Each structure stands twice: as structure tokens, then as C-alpha cells.
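Scroll down for the structure; my scribbles are underneath it.
No value in this document is a laboratory result; all are computed from the given coordinates. All of these numbers come straight from a predicted model, not from anything done at the bench. Using ideal geometry, Cβ is built from the backbone for each residue, glycine included, and neighbour counts are taken over all protein chains shown.
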Amino acid sequence: CQASTDTHDTSFRKDDLPAHGVSEVIVGVLGGGQLGRMLCQAASEMAIKVMVLDPLANCPASAIAYDHMVGSFDDSATVQEFAKRCGVLTVEIEHVDAATMEKLEQQGVDCQPKASTIRIIQDKYLQKVHFSGHGIPLPDFVQIDDLEGAKRAGDLFGYPLMLKSKRLAYDGRGNAVAKSEEELSSAVNALGGFDRGLYVEKWTPFVKELAVIVARGRDNSISCYPVVETIHKENICHIVKAPAGIPWKIRKLATDVAHKAVSSLEGAGVFAVELFLTKDGQILLNEVAPRPHNSGHHTIEACYTSQFEQHLRAVLGLPLGDPSMKTPAAIMYNLLGEDEGEPGFHLAHQLIGRALNIQGASVHWYDKPEMRKQRKMGHITFTGPSMGIVEARLKSMLKEEGSESR
Ligand code: ATP
Ligand code: MG
Ligand code: MG
């Protein structure tokens, strides 16, 4: 199924009607970046109150959140204080204090997804051990503790070899490739040394990268968004195409793997499952994010229920919404930061200027306090009647050959 709502009972019962509006429960979000901001935007449509905890006074979510507590989401006392003010605690980043979440759960605080899920996912090695133990296909991997261990892994898996930090990884910061045994020590150094906690993965020569956003309700109902193709540049998500241009059988396999992966985790919310498609038609899991994700930004314009609304519905115990696409095709293009300079001359600003003149283009700017090289500053989603047309719309923004504009 492309968008499976099979296990989700959408029948309407009068008793389910909330007493006041959609929900009176205050949703607390650890993190106030762009994902927190877009959660707040979705919440405002239904008058759901979202509070964020973020150390930056002018973080992207702060301007539109119901409330913003300035503080660290990785500090135990701060998270405990924050939790007192909310009815349900969720995350927009997995690098939070899992031990505190576990303690809060024991004290009766409602965390969605569960602290156990955050603990597994925030350590990429533990995540791999967990998923392989649940029979999910993934690239071969092994922990490395010293250079000898890294060499043994190189002998076993061959080169290039992917070295990864277990923790605090995002946007490829935490990955280093060794093309040969000679490059192993520089790759280890680039990741901060063995003390950081490292493991290696067998190189996967994928033909495409795919992703599936999977929503899980508090009643354990599961609903999958259509499979998308993600295109990365220098380890950072660059473009997302929805739906992915893949045969039906691959779509089904990718959805089944994503469904199985999320079923093995505890708690409600949306989860993003990143996948590799190999030449011989295998689907291997790369990693899972326990929250809304870059591969689901197009759902704001392209799906009946966006991933952000879906996350709120899930954590609040409301019925899950319809994940299917309401436009035939969509492309999301990330606006990445460049070195600081004259604002008007940044490529991102020029692209926005052009996008405002293109049919079916929606501009999102996260209003981050400062621009930094390779930082996600915003994104643009193109929707349209076919993939060919949305591709032409993207090309016209990028001023490439064969473009179409209004
Ligand atoms: P994110 O921002 O998605 O959290 P991350 O820092 O956790 O990224 P990964 O998802 O592990 O990093 O890897 C980033 C990218 O590097 C992948 O999307 C893929 O393009 C490439 N990559 C990762 N692992 C492998 C592998 N084993 N073989 C080949 N390429 C890989
Ligand atoms: Mg990651
Ligand atoms: Mg990733």
C-alpha cells in the first residue's frame, strides 16, 4: 500500500468529541528549531497550545510558540521544570537528555515517543543493534575501539568504508569515509577520535535513497506516508521528490520495512525512516528519526495531513489524519546557508525571489538568528500536476535549461 491506514480505525464516535475545541492538553516540545516552528504552525490551525524548550531566545519556533522556555533540552533540572508545565512531552530533536525523560516517565510524565525510543535512536550504533535484532535489513556494521579494530573492519567490509560517530550526528557531521586503509586514522581523527564512540558501516552503493514518514497513534495504529526519494549532497538532504519514482513492488517493500522498524519502537508520534535502495532491489535501513523530518516537509502542501499536524494528532491521542497526497507530485528543495555576507546577495535570497514568481511554489524561511554555511535556513516546495512539471518548476528557479515559469 502506498498510504496505508489499514490498522487505523477512523470511524467516528460521538463520545470521542473533545469537550473544548481540539485538545486542552499543552504539548511541550524539546527543541525550538525549524521542526518546532513548523509544529507550532500546524498547532495554530487547530488552536493547540505548543510550548518549546530551547536555549536560544530567538530560536525559529519562539515567535509562534504558545510559550517558550529559554533553557537547555539536555539539562536535567531544566527539562524537569519544563515538563511540569506541559500535558505531554515530545521532541523535535533526538539529542535530548534521555535519562531525565526516563526518570520523568517513572514520575508519571507522559512522554511521546517513549524515552526508551529516544535512548535507542540517539545512539546510532545502539539503533543498528536494535533494528538488526528485530530482523530489519541494514548494512553490515561493527563497533570500532582502536585502529586495529578499524583495520579488521576494513578487511571484513572492504573500502570505501563508512565511519560514523555513535552520538550527536546530524547532516553528515559525524560521518567520515576512508577510501583505503591508509585513510583510516585521518577519518578517525576527523570524527574526534575513538573516545567519541565510533562504529563502521559497510559502504552501500545505493541506486536511490528513499524515506518513509510513519505515524503511530497512542492506540498503536500505524499510518505510512507515500515513499519519497531523497537526494543528498555532501551528506545533507538537498532535494525530496514525492512520490518516489520506483516500481510498485519496491514501494511496498520500503513501506513494509519502515512499518516494521517503527513497530519495534515505543510511543506515539511521527518517525522518519531513511532507506537505501540497492541495484538488486533490496531495501536497507539507514536510520530512523523519532520526530518530524526533512523528508516530510512537502507534506505541508502536498498531503491532506502534514507530518506536523500528524505528529500533534499522534501525541495527543487524536485520530491520525490522511497521509495521502492531494497533489500528483511535489519536490522540496532545501535552502542552505552560505558564509555570512551581504544578505541580498545570498543565493538563498535570490532563489526565494525567483520562487515567488513560480506557479505552485511555496516558500518557507525559518528565521534563524544567523546564517551559517550548510545550515538549513529554509525550504521551497513545488507542487504540480506531474513530476515532469514540478521538476521544470524547480529548474526554472535554479535557472537551468528546459525550464518553465509562469
Ligand atoms: P541526518 O541529517 O539524516 O540525521 P546523519 O548525520 O545522521 O544525517 P546519515 O544519515 O548516517 O547521517 O548519513 C548521511 C548520508 O550519508 C546518507 O543519507 C547517505 O547519503 C550517506 N551514507 C550513510 N551511510 C552510508 C553507507 N553505509 N554507505 C553509503 N552511503 C552512506
Ligand atoms: Mg541522523
Ligand atoms: Mg540521515
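Residues in the stretch 103-115 carry Karplus couplings, in order, of 5, 4, 4, 4, 7, x, 6, 8, 9, 9, x, 5, 4 Hz; the curve used is 6.51 cos²θ - 1.76 cosθ + 1.60 with θ = phi - 60°, and Gly or Pro positions show x.
Net length available on complete extension from residue 347 to residue 151 is 66.3 nm, with 0.36 nm assigned per residue and the Cα-Cα distance removed.
Under 5 Å from the amide H of residue 238 lie the amide H atoms of 231, 232, 233, each residue being 5 or more positions distant or on a separate chain, with H modelled from the backbone and absent for Pro and chain starts.
Only helices enter this figure: runs of n ≥ 4 DSSP H residues, each worth -39500 (n - 2.57), summed and divided by the residues of the chain, yield -8500 deg cm²/dmol at 222 nm to the nearest 500. With a 10 Å cut-off between alpha carbons and a GNM built on the chain, which of 279, 124, 241 moves the most? Top of the fluctuation ranking is 279. Decide, for the stretch 154-216, between rounded, prolate and oblate: order the square roots of the alpha carbon gyration tensor eigenvalues as a ≥ b ≥ c, take rounded if a/c falls under 1.5, and otherwise choose prolate if a/b is larger than b/c, else oblate. In terms of gyration-tensor shape, oblate. Put simply, the amide H of residue 335, placed in the peptide plane, has neighbours under 5 Å in 377, 378, 379, 380, leaving out anything fewer than 5 places away on its chain.
Rounded to the nearest 0.05, what FRET efficiency do residue 70 and residue 398 have when you use their Cβ-Cβ distance and R0 = 45 Å? That gives a FRET efficiency of 0.75. Across the stretch 275-300, no residue has a backbone nitrogen under 16 Å from the label position 7 Å along the beta-carbon direction of residue 129. Extension gain for the segment residue 264 to residue 357, taken as residue separation times 0.36 nm less the Cα-Cα distance, is 29.0 nm to one decimal. Between the DSSP loop rule and a limit of at most 15 other Cβ atoms within 10 Å, which trypsin sites (Lys or Arg not before Pro) in the stretch 291-371 are left? Those that pass, being in a loop and sparsely packed, are 326. Label the chain by shape, choosing from rounded, prolate and oblate, from the square roots a ≥ b ≥ c of the eigenvalues of the Cα gyration tensor; if a/c is under 1.5 it is rounded, and otherwise prolate applies when a/b is larger than b/c, oblate when it is not. Since a/c stays below 1.5, the shape of the chain is classed as rounded. Which net charge results for the neighbourhood of residue 55, defined as the other residues with beta-carbon distances under 12 angstrom from its beta-carbon, given Lys and Arg at +1 and Asp and Glu at -1? My count for the surroundings of residue 55 gives -3.
Stretched out straight at 0.36 nm per residue, the stretch from residue 365 to residue 77 would grow longer than its current Cα-Cα span by 100.4 nm. Taking label points 7 Å from Cα along the Cα-to-Cβ direction, residue 207 and residue 182 give a separation of 3.4 nm. For residue 91, the residues whose amide H sits under 5 Å from its own are 30, ignoring neighbours fewer than 5 places away on the same chain, with H placed 1.01 Å from N. Annotation note: GluC sites (Glu not before Pro) in the stretch 225-303 located in DSSP loop regions with a Cβ neighbour count of at most 11 within 10 Å are 234.
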